[in-house]
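The values are calculated or read from the model by the stated rules, or taken from the named source; none is laboratory data. None of the values given here were measured: they were computed from a predicted structure. Note: ideal-geometry Cβ built from the backbone for every residue, glycine included; neighbour counts use all protein chains shown. Please note that ligands, DNA and RNA were not included when accessible areas were found on the heavy atoms of the full protein model with its side chains. Shrake-Rupley method; radii C 1.70, N 1.55, O 1.52, S 1.80 Å.
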Amino acid sequence: MDLTEAGQVVVLGDGVRRLLAPNPSAFTGPGTNTYLLGDGRAMAVIDPGPDVATHLDAILSAIGPGQVSHILVTHPHSDHSALTPALAAATGAQVYGFGPAGSGRSAQMRRLAAFAEIGGGEGSDATFSPDICLSHGDIITGDGWQLETLHCPGHMSEHLCFAMQNLLFSGDHVMGWSTSLVSPPDGDMAAYMATLEHLARRKWARFLPGHGAVIDDPATRLAELAAHRRRREAAILAALRSEPLTLAEITARVYADVAPALRPAAARNAFAHLVDLVEKGQVMAAPDLTPAATFGAQ
């Protein structure tokens with residue numbers, strides 16, 4: 001492991017430093033990783049993290065006499081974006097992101113969001129509003145660094161990754177310590193799988209994730225995550241071929257290996273698979289496509 005105590009600066013090379021926020025949990029691992037790029041007059045901060053005063057102090061201390069010009073947010077979940085207003089006020093930097101929470105949803109996810117009982121929205125930062133909205137392929141340049149913006153929906157529809165040549169700041173889309181939560185309508189399993197495939201077409205040296213340690217073999221990790229999701233999908237289809245089931249029944253059968261504390265998150269992942277399978281015509285949901293439906297094989 002290459003992680004250290006919260007607030008301590010870790011030099012990762014290529015002009016990149018990392019600070020760990022003090023927000024460990026079952027869903028954030030050791031905490032949120034905040035990355036600093038450059039050490040001059042146009043530095044960047046990627047994912048300021050949760051709204052914790054001691055973390056703001058640690059970031060400002062690490063910046064030192066340098067000047068921050070860019071605050072980049074991979075996605076508007078509070079553990080990544082909530083500290084953004086305070087950091088922007090302290091540094092005068094502009095905030096870059098895809099857009100507010102919910103702004104990147106597909107047509108299918110917008111339809112799902114119309115159902116009050118759809119659930120989802122775990123950890124969304126409803127106050128996040130970037131100064132500059134980024135699109136796939138945008139190039140961002142500062143003092144000694146340049147980033148390519150990659151729109152990587154799946155974990156969240158607004159999720160961005162940032163490429164520095166063959167180094168990728170992968171946010172919550174690809175982590176080494178855990179799989180990602182995909183919870184509709186913000187999470188989209190079809191988009192998640194497509195983005196894994198898109199990333200796998202490029203040759204990467206390292207991934208720097210939003211939580212956990214550096215990923216030194218990105219190709220293997222991408223393959224592992226895709227295979228894991230395909231196994232879950234196959235297990236759901238196998239269960240439904242025997243009889244119609246509720247989401248709770250599917251979760252109990254397919255995610256029996258998951259710790260009880262994580263079963264609610266597992267149910268959201270299962271629902272994301274079911275939404276995708278309904279869209280592909282392999283599963284039907286009655287009476288409506290919501291977590292309360294009864295699901296059966298087509």
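Between H211 and residues 5 or more places away or on another chain, which pairs have amide H atoms under 5 Å apart, with H built 1.01 Å from N, and which residues are they?
Sorted by chain and number, the residues that satisfy this are N33.
Taking the Cα centre of each part, how many Å lie between segment 162-190 and segment 48-115?
Comparing the Cα centres of segment 162-190 and segment 48-115, I get a distance of 16 Å.
Ignoring ligands, DNA and RNA, please state the percent of accessible area on the chain from carbon and sulfur, probe 1.4 Å.
Carbon with sulfur: 54 percent of the solvent-accessible area.
Relative to a virtual label point 7 Å from the Cα of A89 in the Cα→beta-carbon direction, which members of segment 27-50 show backbone nitrogen distances below 17 Å?
It comes to 48-50, nothing else.
Which whole-number value in Å² is the accessible area per residue of the chain, probe 1.4 Å?
Solvent-accessible surface per residue comes out at 41 Å².
Sequence-distant or interchain residues sharing an amide H contact under 5 Å with A42, placed H: which?
Distant-sequence amide H within range of A42: Q67, D143.
Tell me, what is the percent relative contact order of the chain, built from C-alpha pairs under 8 Å that lie six or more residues apart?
RCO, the chain: 14 percent.
Of the options L289, A113, S180, report the single residue whose Cα projects farthest towards the positive end of the charge dipole of the chain (beta-carbon charges: Lys, Arg +1; Asp, Glu -1).
The listed residue farthest towards the positive side: L289.
The chain: percent of C-alpha pairs farther apart than 25 Å?
So the portion of pairs separated by more than 25 Å is 47 percent.
Towards the positive end of the charge dipole of the chain, with charges on Cβ (+1 Lys, Arg; -1 Asp, Glu), say which of A163, L19, H80 has the farthest Cα.
It is A163, whose Cα lies furthest towards the positive end.
Pull out the extension gain between A259 and V9, defined as 0.36 nm times the separation in residues minus the alpha carbon to alpha carbon distance; nm, one decimal. Walk me through the numbers before you get to the answer.
Working: separation 250, 0.36 × 250 = 90.00 nm, distance 3.25 nm.
Once the chain is fully extended between A259 and V9, it gains 86.8 nm.
So if R0 is 45 Å, what FRET efficiency would A292 and R41 give, r being the distance between their Cβ atoms, rounded to the nearest 0.05?
Working: r = 55 Å, r/R0 = 1.22.
The value I calculate is 0.25.
From the phi of every residue in segment 170-183, what ³J(HN,Hα) in whole Hz does the Karplus formula 6.51 cos²θ - 1.76 cosθ + 1.60 yield, where θ is phi - 60° and glycine or proline is x?
9, x, 9, 6, 9, 10, x, 7, 7, 7, 9, 6, 10, 10
To the nearest 20 debye, what is the magnitude of the charge dipole of segment 86-206 about its Cα centre, counting +1 on the Cβ of each Lys and Arg and -1 on the Cβ of each Asp and Glu? Walk me through the numbers on the way to the answer.
Details: 7 positive and 12 negative charges, 78 e Å.
Computed charge dipole of segment 86-206: roughly 380 debye.
Could you derive backbone 3J(HN,Hα) for segment 106-112 from the dihedral phi with the Karplus parameters 6.51, -1.76 and 1.60 (θ = phi - 60°), listing whole Hz in sequence and x where the residue is Gly or Pro?
6, 4, 4, 6, 5, 5, 4
Grab the eigenvalues of the alpha-carbon gyration tensor for segment 41-160, scale each by 5, take roots, and send me the semi-axes largest first in whole angstrom.
Value: 28, 17, 9 Å, ordered largest first.
Taking H as built 1.01 Å from N, whose amide H comes closer than 5 Å to the amide H of L160, not counting residues under 5 places away?
H75, C152
I'd like the Karplus ³J(HN,Hα) series for segment 157-168: coefficients 6.51, -1.76, 1.60, θ = phi - 60°, whole numbers in Hz, and an x wherever there's a Gly or Pro.
Whole-Hz 3J(HN,Hα) from phi for segment 157-168: 5, 8, 5, 10, 10, 10, 9, 10, 6, 9, 10, 10.
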